[in-house]
There are 2 protein chains.
Amino acid sequence: MKLRKDYTCPLEIVHDIIKGKWKPIILFQLKDGAKSLSQLQKEINGITQKMLIEQLSELKQYGIISKNKALGYPLHVEYFLTEDKGQQMLKAIRIMQNVGIDYMNENGMEDIIKAKGIKKLEI
Amino acid sequence: MKLRKDYTCPLEIVHDIIKGKWKPIILFQLKDGAKSLSQLQKEINGITQKMLIEQLSELKQYGIISKNKALGYPLHVEYFLTEDKGQQMLKAIRIMQNVGIDYMNENGMEDIIKAKGIKKLEI
DNA sequence: CCGTATCCGATCCGATACTG
DNA sequence: CAGTATCGGATCGGATACGG
């Protein structure tokens, strides 16, 4: 899962970095600051611990997120977006979020948006 | 592959719509107007005809692209982004493209960017 | 030129059990 | 609380052949 060097276009590398069912959602959940594993798992509907850790680890290898370990028990680890690559990638995720909101509103899913109180983001 | 109605967040639906290795690249190639299947296949490095048709068909079902058929032989079909959903989704793809360019420039792949003359897009 | 069908390996992802 | 290991079903994606 290391970065290849032979990408033929920028979208290919972005796909490699954020592909999969969970990565965009994880990054979105980190948009307002650092969170622990258990916090993330509570907030992300349906993700298993295994998937969460696996995806976080990949994002870390790509330099999109980083982690703070506090030593001692109980363990406390916090994950956060990196200033450069993380924040950069978040820009794309934010647009995706807004596009998703519009799409849902235009396709009979306004009720879900409304029920959750989801609002479009400032870009 | 029809749209579910039980999405729990906007990013989930966006993932469903543009997931896979090829869809973002296909949409990007359509950004400046309609193109035929064979044009797209020439421009998209490494895609097979099967994958291209399959992905185009999915994008069509989601209302992201549409097609013009000209009757008679030789067949000529053109694919293009829809005004609403297609252009909307393109916004996200454009950001992804720029993020990818930055990422490549910062990670020893400037030569690829330069060799292909790839420029960041106006947002 | 466009589109469909099939076969098959690679990978994704969920469930589950176990460790420090 | 955080992380690892394994196993199997589902899905993805490449090769290839054939049909309108």
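Would you mind classifying the protein assembly as shown by shape? Square roots of the alpha carbon gyration tensor eigenvalues, ordered a ≥ b ≥ c; an a/c under 1.5 is rounded, otherwise it is prolate if a/b is larger than b/c and oblate if not.
Numbers: a/c = 2.22, a/b = 1.41, b/c = 1.57.
Because a/c hits 1.5 or more and a/b fails to exceed b/c, the protein assembly as shown counts as oblate.
Could you put A:94, A:4 in order, starting from the residue whose Cβ has the fewest other Cβ atoms within 10 Å?
Working: A:94 19, A:4 9.
If I rank by nearby Cβ atoms, fewest first, I get A:4, A:94.
Would you calculate, for chain B, the mean residue ellipticity at 222 nm contributed by helices, counting each DSSP H stretch of 4 or more residues as -39,500 (n - 2.57) and dividing by all residues, to the nearest 500?
On the way: 6 runs with 64 residues, N = 123.
About -15500 deg cm²/dmol.
Over what distance in Å are the Cα centres of segment A:83-115 and segment A:49-65 separated?
21
Rounded to the nearest 0.05, what FRET efficiency is calculated for residue B:32 and residue A:80 with R0 set to 51 Å and r the Cβ-Cβ distance? Before the final figure, lay out the partial values.
Details: r = 38 Å, r/R0 = 0.74.
Rounded to the nearest 0.05, the efficiency is 0.85.
Please give the peptides A:104-116, A:20-32, A:70-82 ranked by average Cβ packing (other Cβ atoms within 10 Å per residue), highest first, as a rough proxy for protection. Spell out each step's value before the answer.
Details: A:104-116: 14.2, A:20-32: 19.7, A:70-82: 12.3.
So the order, starting with the most tightly packed, is A:20-32, A:104-116, A:70-82.
Checking the a/c ratio against 1.5 first, then a/b against b/c, what shape does the Cα gyration tensor give for chain A? Don't skip to the end; give the middle numbers.
Values: a/c = 1.95, a/b = 1.19, b/c = 1.64.
In terms of gyration-tensor shape, oblate.
Mind listing the long-range amide H neighbours of residue B:36? Cut-off is under 5 Å, sequence gap 5 or more, other chains count too, H placed in the peptide plane at 1.01 Å from N.
B:79
On a 26 Å Cα-Cα criterion, which of the cross-link pairs A:19/A:114; A:50/A:120; B:67/B:91; A:35/B:91 come out too long? Walk me through the intermediate numbers first.
On the way: A:19/A:114 28 Å; A:50/A:120 30 Å; B:67/B:91 20 Å; A:35/B:91 29 Å.
Where the Cα-Cα span goes over 26 Å, the pairs concerned are A:19/A:114; A:50/A:120; A:35/B:91.
Quick one: grab the alpha carbon gyration tensor of segment A:18-80, order the square roots of its eigenvalues as a ≥ b ≥ c, and give me rounded if a/c is under 1.5, else prolate or oblate depending on whether a/b is larger than b/c. Write down the numbers at each step before the final one.
Details: a/c = 1.64, a/b = 1.34, b/c = 1.22.
Since a/c reaches 1.5 and a/b is larger than b/c, the shape of segment A:18-80 is classed as prolate.
Whole-Hz ³J(HN,Hα) for each residue in segment A:64-78, computed from phi via Karplus 6.51 cos²θ - 1.76 cosθ + 1.60 with θ = phi - 60°, x for glycine and proline: what do you get?
In residue order, the calculated couplings are 8, 10, 9, 9, 9, 9, 9, 6, x, 9, x, 4, 9, 10, 10 Hz.
What average count of beta carbons from other chains do you get within 10 Å of the Cβ of residues in A:13-23?
5
Per-residue HN-Hα couplings for segment A:85-94, Karplus 6.51 cos²θ - 1.76 cosθ + 1.60 at θ = phi - 60°, whole Hz, x for Gly and Pro?
Values, residue by residue: 5, x, 5, 4, 5, 4, 4, 5, 5, 4 Hz.
Given charges of +1 on the Cβ of Lys and Arg and -1 on the Cβ of Asp and Glu, with all other atoms neutral, how large is the dipole of the protein assembly as shown about its Cα centre, in debye to the nearest 20?
Working: 40 positive and 30 negative charges, 73 e Å.
For this selection, approximately 360 debye.
Read the figures in this text as sums done on the coordinates, not as results from a lab. Bear in mind that the values here come from a model prediction, so they are computed numbers and not experimental data. Every residue, glycine among them, receives a Cβ derived from its backbone with ideal geometry; neighbour counts consider all protein chains shown.
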